[in-house]
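**Student:** One structure coming up, written as structure tokens, with questions to follow.
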Amino acid sequence: MIPVSCTQIAEAIGGELVGVDPAAVVDAGVEIDSRQIVAGGLFVALVGENVDGHEYVPAATAAGATVSITTRPVEGSPCIVVADAQKALGELARFVIAQLPDLTVIGLTGSQGKTSTKDLIAQLLQPHGATVAPIGSFNNELGHPLTALQADENTRYLVAEMGARHVGDITYLCRITPPKVGLVLNVGYSHIGEFGSRDAIAAAKGEMIEAVLPGGTAVLNAEDPRVAAMASRTKETVVTWGDAPDANVRATGIELDALGRAGFTLQLGGEEHPVQLQPIGEHQVANALAAAAAVQAVGLTPAQIADGLNAATAVSKARMELTQRSDDVTIINDAYNANPDSVRAALKSLVAIGRSRGARTWAVLGEMLELGDTSTEEHDSVGRLAVRLDVNRLVAVGEGARPIHLGASLEGSWGNESAYVATIEDALELLRAELKPGDLVLVKSSKAAGLRRLADALLEEASQ
């Protein structure tokens, strides 16, 4: 973060200085967790359902915080008092980004693949200039400004992953970090329960393209009609990627190795370069093409992009994270989150890896949340797909995932290969009893369904 005086902060966020030296400087970052504060930092006291950040202001002050942003004065602690601390955090990030004219913002959104693509873009850019990117999925009204505030005078690139649950969310986030490059990956079913339809999701995701700065570039998925149509929402340069013959960035000759990693020939800028990805799954090809198109827009050459893709690794945890236990059982932990499209992609990767290894495949699936009226249909469809792909064993965990089991059972080609269990503990008991050396196990669910805990337990057991 750039050094900012308390007077500058108060003016930027419309706050009142209470017990503060106006000339005091914040130069050690911004935190919403008082335990992370270091001397010279700024603490933002947020009020949640179960926690009131104002209770931790004294601890932040004792830890060396220059000042805290609060909605009421806290005795004995320097504060900048505002009406809404969360909005103030966004306004502060907007102010800091505006002080960095040499910073290039690459914004991206989509229904799935955001975090993996963000990780690829960041790794492609890092050799060519100091780069800031979110940790994990810091992509909402809290994580986004906290990430932006990490940028300073030396930062050349900011990779801004942006999520949305409502129309207007991405417009708000882009106001904080106006993108020079705006990338939309896809329009799927994630959060359809909130939006009501895929067209409404497209309207929200397209806010990214409308926010692209003059002279910037919109990067669009040529294979997704709703995304391709967003070209009409900007007057700036449009670059496309995908399988479409007229796409600007394409992949040919895609092949998977024994670990499910895709190799292909990257075609862009009139050049061809071989690429062997390290992250698992054929769906990573689309993420790689999107990342390639985005970084080409800021000046990287095709050769630099291909070299970067070959070197890039999986960064964020619990996203197609493959680990082989000491007993020769292999776990694919993809339990960070789930929606119908990402589950389908994970199942296809599971089967491809299993086929290459001659392994028995297990799909342990929990509920996909926020699907609204489509929930039963989408869960049923996933169960039927598991049968059609010839997954050897399917375990649906939790009441919300029961339609996965029912769909598989009704598909007609299975006997007792599908099972339903009510709890994570029940799933763990079943797997303990039936897993054999050489088995390959995919664990996937929405974050709130909690199957990451199951994946962790499966990995811990072999090390005990």
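**Student:** Please list, ordered by first then second residue, the pairs with beta carbon atoms under 7 Å, 6 or more apart or interchain, first in region 41-57 and farther than 11 Å from Val67 by Cα and at pLDDT 95 or above, second of a type outside the set (A, V, I, L, M, F, W, C) and assigned to a strand (DSSP E or B).
**Tutor:** His54/Thr70
**Student:** Tell me the residue from Leu108, Leu125, Leu120 that is touching a Ser or Thr at 6+ places or on another chain (Cβ under 7 Å), assigned to a helix (DSSP H, G or I) and modelled with pLDDT of 95 or more, please. Quick ask: steps written out before the conclusion?
**Tutor:** Values: Leu108 fails: assigned to a helix (DSSP H, G or I); Leu120 fails: touching a Ser or Thr at 6+ places or on another chain (Cβ under 7 Å).
Checking each option against the conditions leaves just Leu125.
**Student:** So if I check each of Gly76, Gly143, Gly90, which one is surrounded by fewer than 24 Cβ atoms within 10 Å (Cβ to Cβ) and in the same structural domain as Gly15 (by TED's automatic domain parsing)?
**Tutor:** The unique qualifying residue is Gly76.
**Student:** Taking Gly215, is it in the same structural domain as Ser116 (by TED's automatic domain parsing), farther than 18 Å from Thr117 by Cβ, part of a loop (DSSP other than H, G, I, E, B) and in contact with a Ser or Thr (Cβ under 9 Å, 6 or more places away or on another chain)?
**Tutor:** Details: in the same structural domain as Ser116 (by TED's automatic domain parsing): yes; farther than 18 Å from Thr117 by Cβ: yes; part of a loop (DSSP other than H, G, I, E, B): yes; in contact with a Ser or Thr (Cβ under 9 Å, 6 or more places away or on another chain): yes.
The answer is yes for Gly215.
**Student:** Can you work out which of the residues in region 154-168 that are of a type outside the set (A, V, I, L, M) and over 23 Å from Ala122 (Cα atoms) is surrounded by the most Cβ atoms within 10 Å (Cβ to Cβ)? Reasoning before the result, please.
**Tutor:** Here is the first cut: in region 154-168, the residues of a type outside the set (A, V, I, L, M) are 154-157, 161, 163, 165-166, 168.
Narrowing the set further to residues that are over 23 Å from Ala122 (Cα atoms) leaves 165-166, 168.
Values: Arg165: 14, His166: 12, Gly168: 11.
Residue satisfying both the conditions and the ranking: Arg165.
**Student:** List every residue pair whose Cβ atoms lie under 9 Å apart, where the two residues are 6 or more positions apart in sequence or sit on different chains, the first residue falls within region 234-245 and is in the same structural domain as Thr265 (by TED's automatic domain parsing), and the second residue, located anywhere, is surrounded by fewer than 13 Cβ atoms within 10 Å (Cβ to Cβ).
**Tutor:** Lys235/Pro214; Glu236/Pro214; Glu236/Gly215; Thr237/Gly215; Thr240/Asp246
**Student:** Hey, any hits in region 177-186 for a residue that's of a type in the set (Val, Ile, Thr), assigned to a loop (DSSP other than H, G, I, E, B) and buried (at least 20 other Cβ atoms within 10 Å of the Cβ)? Talk me through it step by step, then tell me what you get.
**Tutor:** Of all residues in region 177-186, those of a type in the set (Val, Ile, Thr) come to 177, 181, 184.
The next check asks that each one be assigned to a loop (DSSP other than H, G, I, E, B); those that pass are 177.
From what's left, buried (at least 20 other Cβ atoms within 10 Å of the Cβ): 177.
Yes - at least one qualifying residue is present in region 177-186.
**Student:** Something else: Against the condition part of a helix (DSSP H, G or I) and either more than 22 Å from His166 (Cβ to Cβ) or in contact with a strand residue (DSSP E or B) (Cβ under 6 Å, 6 or more places away or on another chain) (or both), how does Ala65 come out, does it pass? Spell out the reasoning first.
**Tutor:** Values: part of a helix (DSSP H, G or I): no; either more than 22 Å from His166 (Cβ to Cβ) or in contact with a strand residue (DSSP E or B) (Cβ under 6 Å, 6 or more places away or on another chain) (or both): yes.
So Ala65 fails the test.
**Student:** Mind listing whichever residues of region 139-156 are in contact (Cβ under 8 Å) with a residue 40 or more places away in the chain and in a helix (DSSP H, G or I)? Steps first, answer last, please.
**Tutor:** The initial filter retains those residues of region 139-156 that are in contact (Cβ under 8 Å) with a residue 40 or more places away in the chain, namely 141-142, 144-146, 148-153, 155-156.
Selection gives His144, Pro145, Leu146, Ala148.
**Student:** Going by the conditions given, is Ala211 small (Gly, Ala, Ser) and in contact with a Cys (Cβ under 7 Å, 6 or more places away or on another chain)? Spell out the reasoning first.
**Tutor:** Details: small (Gly, Ala, Ser): yes; in contact with a Cys (Cβ under 7 Å, 6 or more places away or on another chain): yes.
Yes; evaluated as a whole, the condition is true for this residue.
**Student:** Tell me which strands (runs of 3 or more DSSP E) are completely within region 238-331 and hold 2 or more residues being crowded, with 19+ Cβ neighbours inside 10 Å and not acidic (Asp, Glu), or say none if there are none.
**Tutor:** Numbers: elements: 250-256, 261-268, 271-280, 321-324.
Here the list reads 250-256, 261-268, 271-280.
**Student:** Could you run through region 187-205 and say how many residues are surrounded by fewer than 17 Cβ atoms within 10 Å (Cβ to Cβ) and not in a helix (DSSP H, G or I)?
**Tutor:** 2
**Student:** Mind checking which residues of region 59-78 are more than 34 Å from the chain's Cα centre (by Cα) and within 11 Å of Ile37 (Cα to Cα)?
**Tutor:** Result: Ala62, single match.
**Student:** Of all the residues that make up region 206-237, how many are of a type in the set (S, T, N, Q) and crowded, with 19+ Cβ neighbours inside 10 Å? Before you say what the answer is, go through the steps one by one.
**Tutor:** Step one: list which residues in region 206-237 are of a type in the set (S, T, N, Q), which gives 217, 221, 232, 234, 237.
The next check asks that each one be crowded, with 19+ Cβ neighbours inside 10 Å; those that pass are 217, 221, 234.
Final tally of qualifying residues: 3.
**Student:** Need pairs with beta-carbon distance below 7 Å; first residue without any contact (Cβ under 8 Å) to a residue 40 or more places away in the chain and within region 112-132, second of a type in the set (Lys, Arg); sequence gap 6+ or separate chains.
**Tutor:** So the pair list comes out as Gly129/Arg156; Ala130/Arg156; Thr131/Arg156.
**Student:** Hey, any hits in region 21-29 for a residue that's among the charged types (D, E, K, R) and surrounded by 15 or more Cβ atoms within 10 Å (Cβ to Cβ)?
**Tutor:** For region 21-29, residues among the charged types (D, E, K, R) and surrounded by 15 or more Cβ atoms within 10 Å (Cβ to Cβ): present.
**Student:** From (1) at positive phi; (2) in a helix (DSSP H, G or I), pick out the condition that doesn't hold for Gly136.
**Tutor:** Evaluating Gly136 over (1) at positive phi; (2) in a helix (DSSP H, G or I) leaves (2) as the failure.
**Student:** Suppose we filter region 157-176 for residues that are in contact with a helix residue (DSSP H, G or I) (Cβ under 6 Å, 6 or more places away or on another chain) and either of a type in the set (S, T, N, Q) or part of a strand (DSSP E or B) (or both); how many remain? Please lay out each step first, then the result.
**Tutor:** As a first pass, look at region 157-176 and keep what is in contact with a helix residue (DSSP H, G or I) (Cβ under 6 Å, 6 or more places away or on another chain): 157, 159, 161-162, 164-165, 167, 170-171, 173, 176.
Filter once more, so that each one left must be either of a type in the set (S, T, N, Q) or part of a strand (DSSP E or B) (or both): 157, 159, 161, 171.
Residues meeting the conditions: 4.
**Student:** Also, I was wondering about something else. Taking the condition of being assigned to a loop (DSSP other than H, G, I, E, B) and of a type in the set (A, V, I, L, M, F, W, C), how many residues in region 68-80 meet it? Write out each step before concluding.
**Tutor:** We begin by selecting, within region 68-80, every residue assigned to a loop (DSSP other than H, G, I, E, B); these are 71-78.
Those left that are additionally of a type in the set (A, V, I, L, M, F, W, C): 74.
Residues flagged as assigned to a loop (DSSP other than H, G, I, E, B) and of a type in the set (A, V, I, L, M, F, W, C) within region 68-80 amount to 1.
**Student:** Moving on. Might you check whether a residue that is buried (at least 17 other Cβ atoms within 10 Å of the Cβ) and without any contact (Cβ under 8 Å) to a residue 24 or more places away in the chain occurs anywhere in region 437-459?
**Tutor:** Looking for residues that are buried (at least 17 other Cβ atoms within 10 Å of the Cβ) and without any contact (Cβ under 8 Å) to a residue 24 or more places away in the chain, one finds none in region 437-459, hence no.
**Student:** Follow-up. Tell me yes or no: at least one residue of region 300-314 is of a type in the set (Val, Ile, Thr) and in contact with a helix residue (DSSP H, G or I) (Cβ under 6 Å, 6 or more places away or on another chain).
**Tutor:** In the first step, residues of region 300-314 are kept if they are of a type in the set (Val, Ile, Thr); the result is 301, 305, 313.
Restricting the remaining residues to those that are in contact with a helix residue (DSSP H, G or I) (Cβ under 6 Å, 6 or more places away or on another chain) gives 305.
Yes; the residues of region 300-314 include at least one that is of a type in the set (Val, Ile, Thr) and in contact with a helix residue (DSSP H, G or I) (Cβ under 6 Å, 6 or more places away or on another chain).
The values are calculated or read from the model by the stated rules, or taken from the named source; none is laboratory data. The shown structure was predicted, so the numbers you read here are calculated from the model rather than taken from an experiment. Every residue, glycine as well, gets a Cβ built from its backbone with ideal geometry; the counts of neighbours run over all protein chains shown.
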